[in-house]
Amino acid sequence: MDLIIYRDLIERYDIKNTHLLRHLIKYSLSNIGMPASINKLFNEYKGLGHKISKDTLYQYFTYLEDAYALFSVPIFRNSAPEEQRKPRKIYAIDNGFKTLLDTSLSSDFSKLYENVVFLQLRRHH
C-alpha cells in the first residue's frame, strides 16, 4: 500500500502534508460505503489542531480519485442541487484496503458487499 498509494501520490503531486494524507487515506478506505463530508472532516481536523484548508482536503480527495484508489458518488436525491450539497459515498478500488486499515472489532460484511456491487456496476456501466 505504501508503494502504490503513498509514494505515487506524494511524488506525483508533491504533497507536503503527508501526515494528513495518510490519515485521510486511512479514514476513506476504512469507511467504504459510508457518507463522507469534507466539511465534517475539516471541522474534525481543525478540532485536533491541524492547520489545513478545505481546499487541501478537496485536493487530496481528488488525488485519491485520480489514482483510482477510491471513488466517490453522490447519494441519490430528488433534486440535483440537493444531491450536490449532501455528503458523497466513498468506495475503494479493492476490499482488501478496508480489511487492512479497519480498526473495528467486528467485521461489517454489508459494506464489503456494497463495495463489490459498486465495483461490478462501475465495470459494466
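What follows is calculated from the coordinates using simple rules that are stated; it is not laboratory data. Note that the coordinates shown come from a computational prediction; the quantities given were computed from them, not determined experimentally. Reconstructed Cβ throughout: ideal geometry from the backbone, glycine too, with neighbour counts over all protein chains shown.
Values as computed for the structure displayed
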| item | result |
| --- | --- |
| The chain: C-alpha gyration tensor shape, a/c 1.5 cut-off, then a/b vs b/c | rounded |
| Interchain or long-range residues, amide H under 5 Å from ARG88's placed H | ALA36 |
| Sequence ranges 90-100, 13-23, ranked by mean other-Cβ count within 10 angstrom, highest first | 90-100, 13-23 |
